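A short write-up of the structure that comes next.
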Amino acid sequence: MTANKHNWFFKLLPWLIIIFGIVLRWDQYWLNRSLWLDEAFLAVNLDKTLVELLQRPLDYHDSIVAPPGFFIITKLIITLFGNTDFILRLYPFLCSILSLWLFYQLAKLTISASAVPLALFLFAISDNLIFYASGFKHYSSDVTITLLLFILAIYLLKSTITYNKLLLLTIIGTLAIWFSYPAAFILAAIGSYLIGFYLINKQWPLVTKFSLISVIWLSSFLGMYLFTVGSNIEASPIGKYLVHFWQEAKAFMPSPLSIATLKWIYYNYFKMFNNPGNLEMVSLAGILFIGGCISLWARRKTSLFLLVLPMIIVMSVSFFHYYPFADRMIIFLLPSIYLIIAESITQIQIIFLAYPNTLIITRLAQIILVVSLIDFPLYHRHYVQEIKPILEYVQHNKTPTDTIYLYHWSEPAFRYYAHFYNFSYSNCHLITPIPHNEYLKEIDYFRLKNQMKPVKVDESQCILGVSELFEQSRFDLEQLRHHGRVWFIFSHSGEQERFFINYLDSMGIKKAEFLQPGASVYLYEL
């Protein structure tokens, strides 16, 4: 009877974890936070036609920074249901829910049965996966497509290969690249493994077939890359800035190969467990990951190669500055990380349980390992740049003669939300010429592309901040001296906001302020 109860609970446990993961994702989605800067960069383009969305350049970007398929699905959804925050984020949210089930299926195919609940738990509570489940970005769908491709590859290897299965693999792989950039790395790993596997087994017809499929995938990738990114990302205005941004974040493997390269690999290997992995004690996580790889090498070589190869490929590609190995850009590797670590912890348990009278000690050790890895509290509700309450506050308190000043980085979010709060972005103007900077960032790119010229300060009641930097914005503020009531709206301002406010305090009298997470507004009588 006890054994039956144990088996019943073990079968039910994964579904309880999945439900728990859904609740966490729904809570973050229902929070309906304001779009933050990177989301707004994409969202303001959705008033374009579907054809225009797939063409370069987009507003704020000279290349499509989200996959074409992501834009296509989102455009279809908002056309059917309307353009609101909830609807805008519906596709990533649904992908995150589907990912929980897909991860469960992949775990059953790749790791020990006793490790499945632990892996699923780590996946369900992952802070980054929960956050991006409600973000208008493609990271959530990247994970979903990664899981789908892994499952398809393993399904193919574990069953008789037929023409229909090969056709399905070809079609899904070809389309996946247009819906997820990281799908290229997953397909490269799958293609390499399948060709190598059948090459070792001297099954030449299958080697030929999978080589042909890989060529089709490669052709699809090259077509997508040239269509959306261009032949040389470093030659484009925004591309040059983005490469510099990720260089500063140490996301590219150093060249030429040297001791610095080994240090970079060591640093980024352990870093990935904390960001994007959301695991504490990265040294422990790194050791457990290696232990999991050793365990899979002994028992499940197919799982090992498929899960680890994409990491190696992305690291190698970063050497050529084509893709950064860091932060949210490698979120699609999280399934591999959680699966391998869960396998490692479970195998440690199995080894110690082989000794008599060690059950309690082994269970306690397993709990300590898991608790050491988890970032407590388990769940954070994320408010990033809450500009919606700011705009509502200004709308309710602004007089007809007041002026609005938008801090440089607040422009895209203001532009997206303006019509919801009876503002008009089209009536916003520069009052200072765009400064020259070494790297052309997104907003300046948009302004230069649209040939925005400054107007006299008295000719506009909505002023666009000329720069993210206070020093370059000082002339803006000087023109507003003796201008009367001015609302200064900030978001994504960081340390710079303090410099602005200190200067404004010396110029006039602060009449009101309203602060929100990542956003704020101040009313000054100048």
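A short reminder: the numbers here are calculations on the coordinates, not readings from a lab. The structure presented is a predicted model; accordingly, all values stated were derived computationally and were not measured. Note that we place each Cβ from the backbone using ideal geometry, even for glycine, and neighbour counts take in every protein chain shown.
Quick look at the numbers
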quantity: Karplus-derived HN-Hα couplings along the range 151-161 (A = 6.51, B = -1.76, C = 1.60, θ = phi - 60°), whole Hz, x at Gly and Pro; calculated: 4, 4, 5, 5, 4, 5, 5, 8, 9, 5, 7
quantity: Extension gain from Y266 to R498, taking 0.36 nm per residue of separation minus the Cα-Cα distance; calculated: 79.8 nm
quantity: Dipole axis of the range 387-525 (+1 Lys, Arg; -1 Asp, Glu on Cβ), positive-most option in W487, S473, F420; calculated: F420
quantity: C-alpha center-to-center spacing [the range 496-521, the range 294-315] in angstrom; calculated: 52 Å
quantity: Under 5 Å, built H, 5+ apart or other chain: amide partners of I404; calculated: C462, I463, W487
quantity: Anisotropy class of the range 387-525 from Cα gyration tensor, a/c 1.5 cut; calculated: rounded
quantity: Nearest-20 debye value, the chain charge dipole, Cβ charges on Lys, Arg, Asp, Glu; calculated: 2000 debye
quantity: Spin-label model distance (nm) - I290 vs R56, 7 Å beyond Cα toward Cβ; calculated: 4.1 nm
quantity: Whole-angstrom gap from the range 15-60 to the range 110-163, using each part's C-alpha centre; calculated: 20 Å
quantity: Peptides ranked, highest mean first, by Cβ atoms within 10 Å: ranges 154-163, 396-405, 425-434, 465-474; calculated: 465-474, 425-434, 396-405, 154-163
quantity: Degrees, to the nearest 10: 90-110 long Cα axis against longest axis of the chain; calculated: 20 degrees
quantity: Above-threshold pairs, the threshold being 24 Å between Cα atoms, out of K75/K453; K388/K449; K137/K240; calculated: K75/K453; K388/K449
quantity: Extension gain from F320 to K510, taking 0.36 nm per residue of separation minus the Cα-Cα distance; calculated: 63.3 nm
quantity: Charge dipole of the chain about the Cα centre (unit charges at C-beta), most positive-ward option of L118, V371, S219; calculated: L118
quantity: In Hz, Karplus ³J(HN,Hα) per residue of the range 469-484 (6.51, -1.76, 1.60; θ = phi - 60°; x = Gly, Pro); calculated: 9, 4, 4, 6, 9, 4, 5, 3, 5, 4, 5, 8, 4, 6, 8, x
quantity: Peptide ranges 445-453, 183-191, 381-389 listed from the most packed, as the mean C-beta count within 10 angstrom indicates; calculated: 183-191, 381-389, 445-453
quantity: Note, ³J(HN,Hα) from phi for the range 247-263, Karplus 6.51, -1.76, 1.60, rounded to Hz, x at Gly and Pro; calculated: 5, 5, 8, 6, 8, 10, 5, x, 10, x, 4, 6, 4, 4, 5, 5, 5
quantity: Helix axis angle, 163-179 relative to the chain longest principal axis, alpha carbon, degrees; calculated: 20 degrees
quantity: Per-peptide average of other Cβ atoms within 10 Å, ordering 334-344, 305-315 highest first; calculated: 334-344, 305-315
quantity: 0 to 90° range, to nearest 10: angle between helix 359-373 axis and the chain longest Cα axis; calculated: 30 degrees
quantity: Antiparallel bridges, percent of DSSP beta bridges restricted to the chain (to nearest 5); calculated: 65 percent
quantity: Full-extension gain in nm, S114 to E280, via 0.36 nm per residue minus C-alpha separation; calculated: 57.5 nm
quantity: The range 387-525 - share of DSSP beta bridges that are antiparallel (%, nearest 5); calculated: 65 percent
quantity: Anisotropy class of the chain from Cα gyration tensor, a/c 1.5 cut; calculated: prolate
